[in-house]
Amino acid sequence: MAKPDGGLIQETNLQYYAGAQIIYTSAPTTVYVFTFNTALSLGSSTSWNPFDADYTLNNFKIFTSPNAQTWTELTPASTDIDALSSGVNNAGQPVLVITALTPTPTSGSLFIVLNKTTGLVYGTIVTAVNNGGVDNLTLNQNLPAGGVANGTELSIRRINYVALFGALVSFIVTIPIYKNFNTTLSTFQFQEFHHWITPFNINYHLGVDGFSVPLILLTSFMTIMVILISYQSQKFKSASYYSAFLIMSGLMIGVFCALDSILYYIFWEAMLIPMFLIIGIWGGPNRIYATIKFFLYTVLGSLLMLIAFLYLYFKSGTFSIIDYYYLPISLEAQILIFLAFFMAFAVKIPMWPLHTWLPDAHVQAPTGGSVILAAIMLKLGGYSFIRFAMPISPDATLLLKPLMISLSLIAIVYIALVALIQKDMKKLIAYSSISHMGFVTLGLFLISPLAVEGAYIQMISHGFISAAMFICVGILYDQTHTREIKKYGGVINKMPLFTAFAVFFAMANAGLPGTSGFVGEFMVILGSMKENFWIAFIAATTLILGASYSLWLIKRVFYGDVGNAAVAKLSDINSREFLILGVLASLIILVGVYPKIISDITNSSVLQFIELVSFSKAGIL
Amino acid sequence: MSNLISQLNLLAPEIFVALMAMLILLLDLFVQDKNKHFIYGLSQLTLLVAGLLTASLGFSEPQFAFKDMFIFDSLAMFLKMTSYITLSVVFIYSRNYLLDKKLLNGEYFSLSLFALLGVMLMISSKNLLLMYMGLELLSLSLYALIALNRDDKKSNEAAIKYFVLGALASGLLLYGMSMLYGFSGSLDLYTIGNVIQTQEINSELLVFGLVFIVVGIAFKLGAVPFQMWVPDVYEGSITPVTMMISTVPKFAAVAMLIRFLFQGLDYLVVDWQQMLLIMAILSMAVGNITAIAQKKIKRMLAYSTISHIGFILLGFYVGTIGGVQASIFYLTTYIIMTLAVFGLIILLSNSQKSIEFIDDLKGLSQTNPWEAFLMMIVMFSLAGIPPTIGFYAKFSVLQVVINEEAVWPALVAIIMALIGMYYYLRIIRIMYFEKSDKKVKKKTFLPMLSVLTINAGGLLVLGIFPKTLMSISALAVGGSL
């Protein structure tokens, strides 16, 4: 791609202002772009005032391109622009307004503004101008949040159907986001922006990029699974139970598409309330300890994150995440901000040593609660690292990279060994979850396209696999009311169909090639091999350890002769459970054989992410 | 003559409230027991008319009366209107309870109105003497209100404690005031401020006087280390009186703080900032940590109040207008939450068994699911969890603190808030996670339940649309400082 100005743009002249985004194309030339905030105006930060008093059109050259290949210059002399003016938008920020443009820019077309005297370049890209899909995101959040009418007089069957209907509708609403998502763009699509709390410049700002879309789909899909699996096991106040999940699913989708820090924070914290109630009301014998531990642990991290947001607001005057990406921050401040974010997200993922709440929470939670916790909530931590901690403080990321990689490796190896000695099935799977999420953080902090892609695919795949395993445990628990491994043995004799699924899921958990569990882990190991042989070596021991605890679990629980009277009374899975497990198994195979369906969506966002994290901000001040 | 009329016009709400309070006291002698609702209606009418009278005054410019003793500005307007609404809600919630206990008579309403009069005078005073008069009027009325249930030993004990400590604190405040008068030769706050700023005064003695003033303010607020009366008074009074003490006098105390420290003694900001910071941190710490150990619900709420006062003081500590705005916003949300929580306690108590221990709420989600849900919203709001308004209150205060690059107080504040969450969660746990002893659904008074629904539900609604309340608080402060 040729440089549009014939060589005037030089790397050293380039200035970043909040609101700029970088696209790396595959060509060596880079294009610096902003995003439009509202239709046809350039969003900018309060610190941007490139147009001083003597601004005239003569000082600037403006180029546009629909595809970053062919460039046309726009001049006032031509019929292209009516006027270029600088003004102030509703929030008091300076904007550049280009009016009456022909041809009308379409989504994805680029503008470059070159200041001839200073050589500074500002670019922008048109995103989602009055796109019909804009409202989709709000619809997604609010639809599940409508929940189920708390009519305890309704019969259980009716409540089940209403809940299922609600979950299905919210899943169907998320599908257009996937279908209409433009995978070539790395900017935020389907943006929706309303002024909300103007005294603090907090706005209701939503948008998705390649990282959010698969996770949103995963969330709405898992909600359906959770409601289906709870059909028979939850008789006590089932209407409240389903509505808690539906509300939580809405809030989680909100976390994935929030583009304003405080809006994100509100969804993040509010999500704790339904989870707290789910574990506390419908959980196991020691549920109170588990749920309060979960709540307070998570809130501590979140409060530190709030302080980080307030500090960033104090520095920049805005809460918009996009603005934070380009905010210059000194190295000391970056380290503190990163640590604050780390506290919040490392509890969520969870990373060793902040993981102790997870086994308790999983063991005490009801089946549906465990599924959502493992499949979605853990991913919130990984997503947040990608969205917040790493791009906002890139220098601190690079500085603390060895520490994070070490913690990830400890999680992978040590936690897997802990999983090996567990006596409770759910606790074993919980520790296995922590171990798999260690791969996610390892891949993220290797900061190469292969590793980050692998980490992301591992997130999605782990969502399916751990959900499936918890569902299997739940099915067994519903019949025997025990999760202890030694109380089982020889289940295959009574439940052959179920065993087939369970063995398959255990293999996927161990990372069998052909299943999605392998893809993510393999990519991360490859990525770590590029970095350092020993990291790859240690990470690769998971292939042994993972297989050992998964297969040993299967052997003890399923194979052999019928262990005791309780096992002798087991009956095989019914069609509803078969449906759930079948769908999950197919998805695991699909992603395992054709991971491209996920990597296609995330590709541009991954490249953009790496660019953001590689760009050093500490020097700009 | 017209000057006098216009000045009296400014004082019309106070005059009206005073007259009505005395009238109610008289009428009470002639009204029979079964017609006591008339007294209740008259009191509500008083508040309504006082509100209308206050609303008819303009607040764009501060107006003065009686040789600048009395000031009416936007802050006064806001605080007075909220105190009318608060007292009105207190009356609504307490009516049935008092009827059960045969305490629904003129004394309660009259004393409450006199206390309100004291609060109104304190809010609007620019003069040391008027401030003290309002303070004494408020305090004396409260002493009597605490002892309203005069056959109860605990009420008498609480009243005596509050009386003794209150007298001590008032004496210290008066001593500080006399020192200020001695330095400046005037009782007017603005004049004192001017004199301190322009003339050379021995600053050590001045700070000495300042300390006594801060002590008086801190006592009224219930901030550490002057908080000892709070748990005993909250527990000893009957719940309607507790509700009143925890809400209405706070307006006066905050007004006293703003008028003294921000309008009068703002030159000494560096000195009182440190005092406020220490009191804020200690209040948050003591309040939150001690509340964990409480078994009685009113004592727990008393310590929780102390921790909220700590947050409010943190906003004042910052010393800027933004800090005052944040604290006033926090105060307003605190009032709404406090009204809701005490209202729920009153609703769930009846003449046989009042809710005294936290365990009395066990399993409430099964017997009274709607009330339990409302209580849950209130608890989450007190803890500061989004999307309730309580979160925005803490958020505003933290934001102004960090804006002054004072990150350490903010960190301490959130750690204390985290510790505090434990006992709010405990209430939710008792209600939702435990099984109830009783199988029968408790019937509650429906009109009061509807008002409570609006009150507690408002916490959630305001949490989704907090802008209006924030803007109103900001305007109120911005107009006067």
What percentage of all Cα-Cα pairs in the stretch B:33-121 are separated by more than 20 Å?
41 percent
Name the lysines eligible as straight-distance cross-link partners of B:Lys126: C-alpha to C-alpha under 29 Å, and not fewer than 8 places from it in the same chain.
B:Lys67, B:Lys80, B:Lys220, B:Lys250
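Give me the inter-chain shielding for A:217-226: mean count of other chain Cβ atoms within 10 Å, whole number please. Walk me through the intermediate numbers first.
Details: counts 0, 0, 0, 0, 0, 0, 0, 0, 0, 0.
Per residue, the average neighbour count from other chains is 0.
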Normalised per residue, the volume inside the convex hull of the alpha-carbon atoms of the stretch B:195-269 in Å³ amounts to 76 Å³
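Just the C-alpha atoms of the stretch B:244-311: what Rg/Rh do they give, with Rh taken as the Kirkwood radius? Walk me through the numbers before you get to the answer.
On the way: Rg = 14.1 Å, Rh = 13.1 Å.
The Rg/Rh ratio comes out at 1.07.
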Part-to-part distance (alpha-carbon centres) for the stretch B:7-58 and the stretch A:380-424, which is given in Å:
66 Å
Evaluate the relative contact order of the stretch B:70-159 (contact order divided by residue number), counting alpha-carbon pairs under 8 angstrom at least 6 apart; express in whole percent.
28 percent
Eligible aspartates and glutamates near A:Lys379 by straight Cα distance, threshold 17 Å, same-chain separation 8 or greater:
A:Asp209, A:Glu269, A:Glu453, A:Glu521
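Rounded to the nearest whole Å², what accessible area per residue is found for chain B with the 1.4 Å probe? Intermediate values should be presented prior to the final figure.
Numbers: 17480 Å² over 481 residues.
Spelled out: the 1.4 Å probe surface of chain B, per residue, equals 36 Å².
Per residue, how big is the convex hull of the stretch A:505-621 when only Cα atoms are used? Give it in Å³. All intermediate terms of the calculation are to be shown ahead of the outcome.
Values: hull volume 20.8 nm³, N = 117.
It is 178 Å³ per residue.
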So for R0 = 51 Å, FRET eff. of B:Ile415-A:Trp552 from the Cβ-Cβ r, to 0.05, ends up at 0.75
Give the interface area between chains A and B as buried accessible surface, both sides summed, probe 1.4 Å, in Å² to the nearest 100.
3300 Å²
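In terms of solvent-accessible area of protein heavy atoms at a 1.4 angstrom probe, what is the ranking of A:Arg157, A:Arg556, highest value first?
Values: A:Arg157 155, A:Arg556 60 Å².
Of A:Arg157, A:Arg556, the descending order of accessible area is A:Arg157, A:Arg556.
Could you work out the mean count of beta carbons from other protein chains within 10 Å of each residue's beta carbon in B:386-399?
The per-residue average across the peptide is 4.
Divide by every residue of chain B the summed helix terms, -39500 (n - 2.57) for each DSSP H run of at least 4, and state the resulting mean residue ellipticity at 222 nm, rounded to the nearest 500 deg cm²/dmol.
Roughly -25500 deg cm²/dmol at 222 nm, from the helical runs in chain B.
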How do A:Trp352, B:Trp272 rank by accessible surface area computed with a 1.4 Å probe, from largest to smallest?
A:Trp352, B:Trp272
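Tell me the relative contact order for the stretch B:370-445 as a rounded percent, counting alpha carbon contacts under 8 Å between residues six or more apart.
Details: 39 pairs, mean separation 23.4, N = 76.
Rounded, it is 31 percent for the stretch B:370-445.
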For the stretch A:403-542, build the convex hull from the C-alpha positions and give me its volume per residue in Å³.
94 Å³
Could you check the simple spin-label distance between B:Ile160 and B:Phe66, using points 7 Å along Cα→Cβ, in nm with one decimal?
3.5 nm
Enter the Cα centre distance for the pair the stretch B:176-233 and the stretch A:257-333, rounded to the nearest angstrom.
41 Å
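Just counting partner chain Cβ atoms within 10 Å, what average do the residues of peptide A:313-319 show around their Cβ?
Values: counts 3, 8, 1, 0, 0, 0, 0.
For this peptide, the per-residue mean of nearby foreign Cβ atoms is 2.
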List every residue whose amide H lies under 5 Å from the amide H of B:Phe70, counting only residues 5 or more places away in sequence or on a different chain, with H placed 1.01 Å from N in the peptide plane.
B:Ala65, B:Lys126
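Highest mean first, what order results for A:524-535, A:303-314 on Cβ atoms within 10 Å?
On the way: A:524-535: 19.0, A:303-314: 23.1.
So the order, starting with the most tightly packed, is A:303-314, A:524-535.
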The stretch B:120-175 versus the stretch A:442-468: alpha-carbon centroid distance in Å:
65 Å
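In chain B, carbon and sulfur make up what percent of the accessible area (probe 1.4 Å)?
On the way: 11650 of 17480 Å².
Of the solvent-accessible surface of chain B, carbon and sulfur hold 67 percent.
Taking the radius of gyration and the Kirkwood hydrodynamic radius from Cα positions alone, what is the Rg/Rh ratio for the stretch B:119-175, to two decimal places? Intermediate values should be presented prior to the final figure.
Details: Rg = 12.8 Å, Rh = 12.0 Å.
Value, to two decimals: 1.07.
List the pairs from A:Lys293/A:Lys487; A:Lys293/B:Lys362; A:Lys423/A:Lys555; B:Lys36/B:Lys101 whose alpha-carbon separation is above 18 Å, in the order I gave them.
On the way: A:Lys293/A:Lys487 28 Å; A:Lys293/B:Lys362 21 Å; A:Lys423/A:Lys555 14 Å; B:Lys36/B:Lys101 13 Å.
The answer is A:Lys293/A:Lys487; A:Lys293/B:Lys362.
Under 1.5 on a/c is rounded, so check that first for chain B, then, if it is not, pick prolate when a/b is larger than b/c and oblate when it is not; a ≥ b ≥ c are the square roots of the alpha carbon gyration tensor eigenvalues.
Numbers: a/c = 1.69, a/b = 1.25, b/c = 1.35.
It is oblate, given that a/c is not under 1.5 and a/b is not larger than b/c.
Suppose R0 equals 51 Å; then what is the FRET efficiency for B:Asn194 and A:Ser614 from their Cβ-Cβ distance, rounded to the nearest 0.05? Show your work: numbers first, answer last.
Details: r = 59 Å, r/R0 = 1.16.
Efficiency at R0 = 51 Å is approximately 0.30.
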For Cα pairs less than 8 Å apart in space and 6+ apart in sequence, what is the mean separation divided by the residue count of the stretch B:145-205, i.e. the relative contact order in percent?
16 percent
Output ordering of A:437-446, A:591-600, B:109-118 (per-residue mean of other Cβ within 10 Å, highest first) is A:437-446, B:109-118, A:591-600
Relative to the present Cα-Cα distance, how much length would full extension add between A:Tyr289 and A:Leu168 at 0.36 nm per residue of separation?
40.2 nm
Inter-site label distance for A:Ile175 and A:Thr198 at 7 Å from Cα along Cβ, in nm
4.1 nm
Between B:Ser471 and B:Asp33, what is the spin-label point distance in nm, taking each point 7 Å from the Cα along the Cα→C-beta axis?
5.2 nm
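Could you sort the peptides B:220-231, A:367-378 by per-residue average Cβ neighbour count (10 Å cutoff), highest mean leading? Walk me through the numbers on the way to the answer.
Numbers: B:220-231: 22.6, A:367-378: 26.2.
Ranking, from highest mean packing down: A:367-378, B:220-231.
Kindly state, to the nearest 0.05, the FRET efficiency for B:Gln44 paired with B:Arg150, given R0 = 25 Å and r defined as their beta-carbon distance.
Numbers: r = 25 Å, r/R0 = 1.01.
The computed FRET efficiency comes out at 0.50.
Are there any GluC sites (Glu not before Pro) in the stretch B:380-469 that are in a DSSP loop and have at most 12 other Cβ atoms within 10 Å? List them by number.
On the way: sites: B:Glu404, B:Glu405, B:Glu434; in loops: B:Glu404, B:Glu405, B:Glu434.
Answer in residue order: B:Glu405.
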Trypsin sites (Lys or Arg not before Pro) within the stretch B:10-93: DSSP coil, no more than 13 neighbouring Cβ in 10 Å:
B:Lys67
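The values are calculated or read from the model by the stated rules, or taken from the named source; none is laboratory data. A quick note: this is a predicted structure, and the numbers were derived from the prediction, not measured. Counting neighbours? That spans all protein chains shown, and the Cβs are built from the backbone with ideal geometry, glycine included. Remember, those area values only see protein heavy atoms, side chains included, never the ligands or the DNA or RNA. Shrake-Rupley method; radii C 1.70, N 1.55, O 1.52, S 1.80 Å.
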